[in-house]
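To keep things clear, I will list the structure first and then write my remarks on it.
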Amino acid sequence: MSATAHVQIALDAPGAVVPARLFGTFVEHMGRCVYEGIYEPGHPTADAAGFRDDVRALVRELGATVVRYPGGNFVSGYAWEDGVGPQGDRPVRLDAAWHSTETNQVGLHEFARWAESVDLEIMEAVNLGTRGPAEAAQLLEYANHPGGTALSDRRAANGRTEPFGIRLWCLGNEMDGPWQIGHKTADEYGRIAAETARLMRFYDPSVELVAAGSSNREIPIFGAWERTVLAHTADLVDHISIHAYYEELDGDTASFLASAVHLDGYIADVAAIIDDVRAERGITREIGISVDEWNVWNQTRWNTQDKDAVFAGDWPIAPRLIEDEYTVTDAVVVGSLLISLIRNSARVSMANLAQLVNVIAPIRCEPGGAAWRQTTFFPFRDAARHARGRVLPLDVAAPTTETARFGPVSDLDAVATVGDDGEVTVLLAHRGLDAALEVQLPLPGFEVREATVLAAPADGDRRAVNTAGAEHVAPRPLEVRPTASDALEVTLPPVSWAVIRLAPASPTTTTTTD
């Protein structure tokens, strides 16, 4: 049995341009993201600096554009000075954020060289938990000043004559959360963020600054936090952050698959607050929304099973923390969240999938062993590759599913973009659980360049995962059929993610099928 959906795309209508930074990622000194993740001296593929080339190859394939570093909760207790200078002289510290031992063998210099090797722009976070404006400004001077001062000359002595040229800076992390080292009230954080922003702009007026918004939409002070923080910082910052994680609760798969409904609402709420504050204060500068942490994450399991054991134990180096294995269902949710971010390109200035390797990540690896793609790798890779250019307005008519959390939700989530070359990319997420969905796209004058679908393997197991050496879940070719009404039609299996790339047909070609 199957149902039918229709997607009308307004090819000539104006739309926001998809920001390149929408496809960012996140590397935190947490678990095995850095150590035994991107960095493992002695691994068969490690380069002279100790970074794994097999992981590097997958990071390049993933196609991320920005990387947030070094945290996360970690940054709120971090002294950046510990991570510079000769590696053999660096102090070993206890990391209270993740109850771990930090060796500081990877710091700014090592990470920046690695980020440059995979074409990632660094989004540097400063510590506003245990530190403040002075230390943030000192890091900025160390990183970006050309030379002739104690800090910039120290950078040169440590092997980097040219500045790092870091433009993008986060003013702390999740300071609204009582779990955060140095947790603050909205007024306390707003004041220190404003003073830090002001001082950093004195040093370098060209920096882009991100104020820390709410850590989640459900925290009781959401909304009030944004208004207060922006009251202090709206004339000083370029972006305000939101963090959004999603999981399947109590077997409610239908609501989980509809997670993008929540993200759309979250973005709309913060956008309205930004507009209100700007209007009240007469501020003309644009303030973007940085979704600088988002993903699927089984937080319930972490909070009820894993967390207590981690924090009650010893202080290990690079422990295995929240190494979730992602299913087909998880991948479709990630794909739908990407659709939401692209759809909201007019307000979302950047976004970072958290995290990159091992820790709730699209890439997994084992010490001394293999690296592999999780199921969530593919929607991110394909969106980052192809969803560029202008967002096209569209209208979706599809069956709905009743969800416990969001009420009736369309079984089909969709977004379309068009590049400068006229190529149209359509991303589709079929959120229906039971029936296939026939999707019709009235796009006369276009030919199919590529079409793929990610869905359950042949046995229909939506909980299938990928493991080292066994890639059970990956995109496969999707048949695109012309219809009698000059439309294109595809059949999407239940719980699936699809990418359709279309090019304007030349006068001598006809629509092709895969």
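Structure notes:
- Screening D54 on (1) free of Cβ contacts under 8 Å to residues at least 60 places away in the same chain; (2) open to solvent by 30 Å² or more (accessible area, probe 1.4 Å) shows it passes everything except condition (1).
- Within the stretch 84-103, residues that are more than 19 Å from P41 (Cβ to Cβ) reach partners that are open to solvent by 80 Å² or more (accessible area, probe 1.4 Å) and of a type in the set (F, W, Y) with beta carbons closer than 7 Å, at six or more positions or on different chains, in the pairs L94/W315; H99/W315.
- All conditions in (1) open to solvent by 30 Å² or more (accessible area, probe 1.4 Å); (2) touching an Asp or Glu at 6+ places or on another chain (Cβ under 9 Å); (3) polar (S, T, N, Q) hold for S485, with the sole exception of (2).
- Residues in the stretch 104-139 that are in a loop (DSSP other than H, G, I, E, B) and free of Cβ contacts under 8 Å to residues at least 24 places away in the same chain: N104 only.
- Every condition in (1) open to solvent by 30 Å² or more (accessible area, probe 1.4 Å); (2) under 17 Å from L171 (Cβ atoms); (3) modelled with pLDDT of 95 or more; (4) not aromatic (F, W, Y) holds for D275 except the one numbered (2).
- Residue satisfying condition, being within 22 Å of Q355 (Cβ to Cβ), hydrophobic (A, V, I, L, M, F, W, C), open to solvent by 10 Å² or more (accessible area, probe 1.4 Å) and in contact (Cβ under 8 Å) with a residue 40 or more places away in the chain, within set I242, I219: I219
- Qualifying residue in the stretch 195-203 (condition: buried (at least 16 other Cβ atoms within 10 Å of the Cβ), out of contact with any Cys (no Cβ under 7 Å at 6 or more places or on another chain) and small (G, A, S)): yes
- Candidates are the residues of the stretch 116-158 that are open to solvent by 10 Å² or more (accessible area, probe 1.4 Å) and of a type in the set (K, R); the one that is nearest to N173 (Cα to Cα) is R131.
- The number of residues in the stretch 346-389 being of a type outside the set (D, E) and either assigned to a helix (DSSP H, G or I) or touching a Pro at 6+ places or on another chain (Cβ under 8 Å) (or both) comes to 18.
- All of (1) open to solvent by 50 Å² or more (accessible area, probe 1.4 Å); (2) aliphatic (A, V, I, L, M); (3) under 26 Å from N352 (Cα atoms) hold for A429 with one exception: (1).
- Test: residue in the stretch 426-447 that is of a type outside the set (S, T, N, Q) and free of Cβ contacts under 8 Å to residues at least 24 places away in the same chain: no
- Taken together, A79, A49 contain a single residue that is in contact with a helix residue (DSSP H, G or I) (Cβ under 7 Å, 6 or more places away or on another chain), surrounded by fewer than 21 Cβ atoms within 10 Å (Cβ to Cβ), among the hydrophobic types (A, V, I, L, M, F, W, C) and touching a residue at least 12 places away in the same chain (Cβ under 8 Å), which is A49.
- Spans of helices (runs of 4 or more DSSP H) in the stretch 180-271 with at least 2 residues farther than 27 Å from T300 by Cα: 186-203, 224-233
- Members of the stretch 368-401 that are of a type in the set (S, T, N, Q), closer than 20 Å to L492 by Cβ and out of contact with any helix residue (DSSP H, G or I) (no Cβ under 6 Å at 6 or more places or on another chain): T400
- Taken over the stretch 381-397, the residue count meeting the criterion of being in contact with a strand residue (DSSP E or B) (Cβ under 6 Å, 6 or more places away or on another chain) and within 30 Å of L62 (Cβ to Cβ) is 9.
- Scanning the stretch 291-340 for residues that are within 24 Å of R217 (Cβ to Cβ), open to solvent by 30 Å² or more (accessible area, probe 1.4 Å) and assigned to a helix (DSSP H, G or I) returns Q299, T300, R301, N303, T304, D306, K307.
- In the stretch 453-473, the qualifying residues are those that are open to solvent by less than 80 Å² (accessible area, probe 1.4 Å) and of a type in the set (G, A, S), and the one that is farthest from V495 (Cα to Cα) is A468.
- Extreme residue, farthest from V291 (Cα to Cα), among residues of the stretch 346-364 that are in contact with a Lys or Arg (Cβ under 9 Å, 6 or more places away or on another chain) and open to solvent by 10 Å² or more (accessible area, probe 1.4 Å): R364
- Against the test of being in contact with a helix residue (DSSP H, G or I) (Cβ under 9 Å, 6 or more places away or on another chain), of a type in the set (A, V, I, L, M, F, W, C) and within 22 Å of I342 (Cα to Cα), the options L443, L427, L433 yield a single qualifying residue, L427.
The values are calculated or read from the model by the stated rules, or taken from the named source; none is laboratory data. Remember, it's a predicted structure, so these values are computed and weren't measured experimentally. Positions of Cβ are generated from backbone atoms using ideal geometry, with glycine treated the same way; all protein chains shown enter the neighbour counts. Only protein heavy atoms, including side chains, enter the accessible area calculation; ligands, DNA and RNA are left aside. Shrake-Rupley method; radii C 1.70, N 1.55, O 1.52, S 1.80 Å.
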